[in-house]
Structure formats: structure tokens, C-alpha cells
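Engineer: Before anything else, here's the structure in question.
The values are calculated or read from the model by the stated rules, or taken from the named source; none is laboratory data. Bear in mind the structure is a predicted one, so any value in this text is a computation, not a measurement. Counting neighbours? That spans all protein chains shown, and the Cβs are built from the backbone with ideal geometry, glycine included. Please note that ligands, DNA and RNA were not included when accessible areas were found on the heavy atoms of the full protein model with its side chains. Shrake-Rupley method; radii C 1.70, N 1.55, O 1.52, S 1.80 Å.
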Amino acid sequence: MDIRQLTTFITIVSLGSFSKTADALDLAQSTVSEQIKSLEAELNVRLFKREGRNSVPTAEGETLV
């Protein structure tokens, strides 16, 4: 877990979207997805419910916040 992953995670929670986060952090959307995928693998939990274009934190994601 590193500061980039946590910054990306918190930004997604704040904006509710991977694509809006990519724009806000000046990253490719694939980079945002990879960072969250890596963080989820490291923590062995799912952090977001992906509902179309919106992303809502799971209970585990809320705990991390």
C-alpha cells in the first residue's frame, strides 16, 4: 500500500467515479483501475461496488476511509 493508491482510493470515494478520478489526478483510467486492483489484492478485500459509471465503497472500503 502506498500513498498513490490511497490518494486514488480517497479521490474515487469523493468523486464516485473511476473516470472522474482519472481526470482529476491526470492519470489514465487504466492506471486508476490498476492501483485499486492492486490495493484490493494486497488487502484481500473488494473496496468498491461498481454500478455502471458510479463506484460506491463496500463496507470494507468504508472502513478504509
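Engineer: Out of everything in the range 22-55 that is of a type in the set (Val, Ile, Thr) and farther than 16 Å from Val65 by Cα, what residue ends up being least open to solvent (accessible area, probe 1.4 Å)? Steps first, answer last, please.
Structural biologist: Step one: filter the range 22-55 for residues of a type in the set (Val, Ile, Thr), giving 31-32, 36, 45.
Keeping just the survivors that are farther than 16 Å from Val65 by Cα gives 31-32.
Values: Thr31: 52, Val32: 0 Å².
Only one residue tops the list, namely Val32.
Engineer: Within the range 36-48, can one find any residue that is under 9 Å from the mean Cα position of the chain (by Cα) and not in a helix (DSSP H, G or I)?
Structural biologist: There is at least one residue in the range 36-48 that is under 9 Å from the mean Cα position of the chain (by Cα) and not in a helix (DSSP H, G or I).
Engineer: Scan Ser30, Ser19 and give me the residue that is within 11 Å of the chain's Cα centre (by Cα) and outside any strand (DSSP E or B).
Structural biologist: Details: Ser30 fails: within 11 Å of the chain's Cα centre (by Cα).
Ser19 is the lone residue from the list that is within 11 Å of the chain's Cα centre (by Cα) and outside any strand (DSSP E or B).
Engineer: Could you check the range 1-12 and list, in sequence order, the residues that are in contact (Cβ under 8 Å) with a residue 40 or more places away in the chain and surrounded by fewer than 18 Cβ atoms within 10 Å (Cβ to Cβ)? Walk me through it before giving the result.
Structural biologist: Kept after step one, since they are in contact (Cβ under 8 Å) with a residue 40 or more places away in the chain, are these residues of the range 1-12: 1, 9-10, 12.
The answer is Met1, Ile10.
Engineer: Can you report the number of residues in the range 2-16 which are assigned to a helix (DSSP H, G or I) and over 15 Å from Arg50 (Cβ atoms)? Spell out how you get there, then give the answer.
Structural biologist: Kept after step one, since they are assigned to a helix (DSSP H, G or I), are these residues of the range 2-16: 3-15.
Restricting the remaining residues to those that are over 15 Å from Arg50 (Cβ atoms) gives 3-7, 10-11, 14.
Matching residues across the range 2-16 total 8.
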